[in-house]
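Worksheet: one structure, shown below.
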Protein chains: 2
Amino acid sequence: MRSEDIAKLAGVSRSTVSRVINNYPNVPEATRAKVLEVIERHHYEPNSFARALAGKRTDTIGLFAISMNEKENARRIYQNSYFAPIVDLVVDTANARGFYVLIHTVYSRNDFQKVKQAFQQKRIDGGILVGTQKDIELVREMVGQGAPLVLIDYDIAEITAERLDKHHLAIINSNDYEGTVEAMEYLIGLGHRHIGIIQGRMNTYSGRERYMAYEDTLRKHDLPIVKSSILQGDFLKEQAYAAVMDLLDSGVELPTALFSSNDDMAISAMEAFAERGISVPDDLSIIGFDDVQLASRVHPKLTSVSLPIEEMSKAAVDLIIRICSGEQTGFSTLSFPTRLVTRDSCRPLAP
Amino acid sequence: MRSEDIAKLAGVSRSTVSRVINNYPNVPEATRAKVLEVIERHHYEPNSFARALAGKRTDTIGLFAISMNEKENARRIYQNSYFAPIVDLVVDTANARGFYVLIHTVYSRNDFQKVKQAFQQKRIDGGILVGTQKDIELVREMVGQGAPLVLIDYDIAEITAERLDKHHLAIINSNDYEGTVEAMEYLIGLGHRHIGIIQGRMNTYSGRERYMAYEDTLRKHDLPIVKSSILQGDFLKEQAYAAVMDLLDSGVELPTALFSSNDDMAISAMEAFAERGISVPDDLSIIGFDDVQLASRVHPKLTSVSLPIEEMSKAAVDLIIRICSGEQTGFSTLSFPTRLVTRDSCRPLAP
DNA sequence: CTGAAAGCGCTTACAG
DNA sequence: CTGAAAGCGCTTACAG
């Protein structure tokens, strides 16, 4: 069933059918009703490809999770506690707005080509890029090609460094720096002076922000930055676990508190400590970041910095839709506040 | 840049360009090389819509999670411990095979229309339907329309009941019945005689299978089916939690062991018991189903029936791709074995 | 207000 | 082996 068939049945031309489908104003109510009735009766659906070919939007947005160089573990992305809720919310929000979402994961440069192709082949109107790790050049290249894009967790300065036409672009972040400061101040307020960190991936915006805030807050209070208490976790549980074990094996003095750049690592660290008979929070306080679902279900319940993932994801969808429709023009930036959620994994330093 | 531009630059016609793009045999190597070189040099990508319009495949598959009548909680699907790994694996596998995946969640009949439209509008070559709850009529309707489809967790009998042309169809299941029997036998082997159940959603294939196996195994051993120990959980944590609390409040005799139709509910139940000072496994043994990530991280670690989600998801992708390409014709069915993973939440009944 | 026609960018018989 | 032409199913100036 094509628009031509509908036209015949309704006694009008394809042009008119198209006009009612696209809700053009210059169609008399009677004509519109007749056409609509025929469409309804035959469950007619315009072919989306033909529409797109003729210049209409595709009504689908892309969602791309960037996680380059980690081919080893293929199931990490969607079970990644940070990313899973984002796909959840993005899909739901987009669906509710009448959009489909096209998903592709990016583990390699080759996968990245598929993302660019999705744009070049006009499969999507616009895309959302979530960077758990990324190659900034590739992103710049896409921006340069004028692809409507919303970036989550990207460094604004890095993107804007180059002279690019950025009117199709928006960046969404959380205030990770401030969130980390709040977490650190909380720990310091509890009397801790030797505070360690499990670092995130430093080629990531949030990884860097969280680390900088950690150092800055320590400095501000004239507290020591102890090299042996800076653990490399790369945002990965396994790596955090190993780093904690190494720390314990090394025999150096332990910090009394640990700031972890995300919850996944914090939770692994707690498991490592538990295995070695070190009690959290009695022997050591620990604080996470992201406030993932699991945080409140582990024992002890993890104190964490909560991200407004829901608002961020919805904002991403709304932004990309508005950019695609032309309602939103000009580069824009949105930053969301974090919130410290106090639970059971921290306690005042015993005198 | 269109195929015509490439044609000009390569000194051939669009037909020939198309032939090399589609890897037709009747193109001399020299011509092919020349065209390919031009394509390469200009990063040309054929417009996917034009290709699709002209009769080619779209190289995208749909992934649809059916969860009707639960509009209340919009973030349930992708954080659903059962569904999250499926989207994970499906996306990864499809991407690796060169396919995009289009995702849509189905909460309402209206959403279901979008799924049908995705087929009618030719947005996808075929689709995978994962039913956590479903309306069988709608599925039958789609099958009737000849949509290439792989169904996960559907009752074969229900689908095949009607005289449908099913050559575009495949169904993938796990052996939930056998898995439940194994779990129940394990509990019985530990000496338990009063065994309760937290039921899943009974309009779901796996919900029914798991319940039937529960009853059948009890009967087989001449053990009592105690009405008050049959809790309605509907696969939802909140509901399971409430059901356990009601059970405790009612003051009736507690079972000594509980089979939970999924892990999410088992874990909530453990939380409820913990709050009331009932120790798992000392006072009560509990066993789950699905073996989700969380199962091994809660305390005590949950004994559970593991599903080969990875194999199932990969098989679903491979099947749908083969159905779309015409390699696989005729209705097919795949059933995957489960495996009991023994951990710390069950113990022998004290004499 | 509305239809005929051109165009979107491909593929595929068809003819040579 | 290869090109001209028709066709896929829409939309949108254009003319009336």
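The values are calculated or read from the model by the stated rules, or taken from the named source; none is laboratory data. Values in this document were obtained by computation on a predicted structure and should not be read as measured data. Methodologically, a virtual Cβ is constructed for each residue, glycine included, from the backbone with ideal geometry; neighbour enumeration extends over all protein chains shown. SASA here: full protein model, heavy atoms, side chains in, ligands and nucleic acids out. Shrake-Rupley method; radii C 1.70, N 1.55, O 1.52, S 1.80 Å.
Take A:A74 and tell me if it is among the hydrophobic types (A, V, I, L, M, F, W, C), modelled with pLDDT of 80 or more and surrounded by fewer than 22 Cβ atoms within 10 Å (Cβ to Cβ). In short, no.
Scanning the range B:1-28 for residues that are within 14 Å of chain A (Cβ to nearest Cβ) and either over 17 Å from B:R41 (Cβ atoms) or within 7 Å of DNA strand C (Cβ to nearest atom) (or both) returns B:R2, B:S3, B:I21. If you filter the range A:293-334 down to residues that are surrounded by fewer than 22 Cβ atoms within 10 Å (Cβ to Cβ) and polar (S, T, N, Q), you find that the one that is farthest from A:G144 (Cα to Cα) is A:S296. On inspection, A:I66 fails the criterion of being crowded, with 21+ Cβ neighbours inside 10 Å, at pLDDT below 80, of a type in the set (A, V, I, L, M) and within 15 Å of the chain's Cα centre (by Cα). Residues that are within 14 Å of chain A (Cβ to nearest Cβ) and of a type outside the set (D, E): list the helices (runs of 4 or more DSSP H) wholly contained in the range B:90-208 that include at least 3 such residues. The qualifying helices (runs of 4 or more DSSP H) are B:109-120, B:136-144. Taking the range A:1-66 and the helices (runs of 4 or more DSSP H) fully enclosed by it, the elements with 2 or more residues that are more than 12 Å from DNA strand D (Cβ to nearest atom) and out of contact with any Phe, Trp or Tyr (no Cβ under 7 Å at 6 or more places or on another chain) are at A:3-10, A:29-41. Does the range A:240-256 contain any residue that is under 31 Å from the mean Cα position of the chain (by Cα) and polar (S, T, N, Q)? No, there is no match, as no residue in the range A:240-256 is under 31 Å from the mean Cα position of the chain (by Cα) and polar (S, T, N, Q). Looking only at residues of the range B:32-70 that are acidic (D, E) and more than 30 Å from A:R2 (Cα to Cα), we find that the one that is farthest from DNA strand C (Cβ to nearest atom) is B:E70.
Take A:G196 and tell me if it is open to solvent by 10 Å² or more (accessible area, probe 1.4 Å) and within 24 Å of A:V341 (Cα to Cα).
So A:G196 fails the test.
Within the range B:276-291, residues that are on the phi > 0 side of the Ramachandran plot reach partners that are not in a loop (DSSP other than H, G, I, E, B) with beta carbons closer than 7 Å, at six or more positions or on different chains, in the pairs B:D290/B:D263; B:D290/B:S304; B:D291/B:D263; B:D291/B:S304; B:D291/B:V305; B:D291/B:S306; B:D291/B:V341. For the range B:41-64, name all the residues that are more than 9 Å from chain A (Cβ to nearest Cβ) and closer than 30 Å to B:L138 by Cα. Of everything in the range B:41-64, those that are more than 9 Å from chain A (Cβ to nearest Cβ) and closer than 30 Å to B:L138 by Cα turn out to be B:A54, B:G55, B:K56, B:R57, B:D59, B:I61, B:F64. If you go through the range A:257-292 and keep only what is polar (S, T, N, Q) and either surrounded by fewer than 21 Cβ atoms within 10 Å (Cβ to Cβ) or more than 20 Å from A:L190 (Cα to Cα) (or both), you end up with A:N262, A:S268, A:S279.
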